[in-house]
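Worksheet: the structure to be examined is printed underneath.
The values are calculated or read from the model by the stated rules, or taken from the named source; none is laboratory data. Just so you know, these numbers come straight off a predicted model, no measurement behind them. Using ideal geometry, Cβ is built from the backbone for each residue, glycine included, and neighbour counts are taken over all protein chains shown.
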């Protein structure tokens, strides 16, 4: 297989992506290269021909040669070499028509044309069936792990593939594929309270192994035979990085708030409001706090703003006397007040 488009290149539907070698390709290329040398040698003796077309072709050859010397891109180098060869053949045809030794040069050109035709006839070009990103990371699971088949999978089936977490899909020298670079699906098996109460369509955050956080949407929730649920997330972030893997490690961030983290056992509920008891220099104060979010063990809290306290019905005089909680304050767990 010969790569026409390199790994990670974006292509449109119908573009040539790679091709398969023809029979005896190496031998045919060797013969064509030898004929190019013979044609070049034959042209060196035709210094008496100075047509404008030949001078233009000479400049083109010189320009392509310069490009070959300054690039490290293999695809570009192959393209420049092809352009040099085409310009050389055009020059040879013109020279053959104008020179006394034209029949010899024409014979070389005709032989080269036959080799090139044989080479091209044996090649199979593979075109992109859709627009997307070119990838040569192929492991044989391309037909199994597709978005439309995810709902039929379960943890046992996926474990049967023996995939290693964080291992890149191996690069193939025999096949390639086009990947949709606009969306990616991630199936996660969870048994947490949040997972069991999840709702299709909810937007959440996924934290990748390198701490990168990406936004994702819950597309499907499928109950498993065990106590776990399989949640399928869809994301359009970091797709070109994610498609290099089959199995990754992610944290599901169900909610995120900024505040003070305290154990639930430190919170007192009275009259629909929440309080904590602060100990400062031996004195205890019951302080009204707002709970931003919580789980079964901890809550995220902050102080109410003056506007919020007024809305709760407190007078300004009361608000001015209220104490607030701060970072590093000592709070009492299971207070007896």
Those residues that are farther than 15 Å from residue 40 by Cβ and surrounded by 14 or more Cβ atoms within 10 Å (Cβ to Cβ), I need them from region 64-74; list them, please.
-> 67, 68
Right, residue 297: in contact with a strand residue (DSSP E or B) (Cβ under 6 Å, 6 or more places away or on another chain) and either outside the structural domain of residue 160 (by TED's automatic domain parsing) or within 30 Å of residue 160 (Cα to Cα) (or both) or not?
-> no
Among the candidates 203, 196, single out the residue that is in the same structural domain as residue 158 (by TED's automatic domain parsing), within 22 Å of residue 295 (Cβ to Cβ) and surrounded by fewer than 12 Cβ atoms within 10 Å (Cβ to Cβ).
-> 203
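Taking the condition in a strand (DSSP E or B), surrounded by fewer than 18 Cβ atoms within 10 Å (Cβ to Cβ), at negative phi and in contact with a helix residue (DSSP H, G or I) (Cβ under 9 Å, 6 or more places away or on another chain), does residue 231 pass?
no
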Residues (surrounded by 13 or more Cβ atoms within 10 Å (Cβ to Cβ) and more than 12 Å from residue 32 (Cα to Cα)) located in region 110-124 = 122, 123
Only listed residue being more than 30 Å from residue 11 (Cβ to Cβ) and surrounded by 14 or more Cβ atoms within 10 Å (Cβ to Cβ), chosen from 224, 220 | 224
Scanning region 9-22 for residues that are surrounded by 13 or more Cβ atoms within 10 Å (Cβ to Cβ) and within 14 Å of residue 131 (Cβ to Cβ), the one farthest from the chain's Cα centre (by Cα) turns out to be 15
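Need a quick list: strands (runs of 3 or more DSSP E) entirely within region 265-337 having at least 1 residues that are more than 30 Å from residue 194 (Cβ to Cβ).
Details: elements: 267-270, 273-280, 283-294, 298-302.
Ranges flagged: 273-280, 283-294.
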Taking region 234-244 as the region of interest, how many residues are more than 20 Å from residue 201 (Cα to Cα) and not in a loop (DSSP other than H, G, I, E, B)?
-> 3
Quick one: which strands (runs of 3 or more DSSP E) sit completely within region 101-218 and have at least 1 residues that are in contact (Cβ under 8 Å) with a residue 40 or more places away in the chain and within 17 Å of the chain's Cα centre (by Cα)?
-> 132-135, 177-179, 184-190, 203-208
Please give the number of the condition residue 247 fails out of (1) assigned by TED's automatic domain parsing to the domain that holds residue 190; (2) outside any loop (DSSP other than H, G, I, E, B).
-> (2)
Out of all the residues in region 239-269, which are free of Cβ contacts under 8 Å to residues at least 40 places away in the same chain and surrounded by 15 or more Cβ atoms within 10 Å (Cβ to Cβ)?
-> 267
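Could you count how many residues in region 172-182 are exposed (fewer than 13 other Cβ atoms within 10 Å of the Cβ) and under 19 Å from residue 242 (Cα atoms)?
Of the residues in region 172-182, 1 are exposed (fewer than 13 other Cβ atoms within 10 Å of the Cβ) and under 19 Å from residue 242 (Cα atoms).
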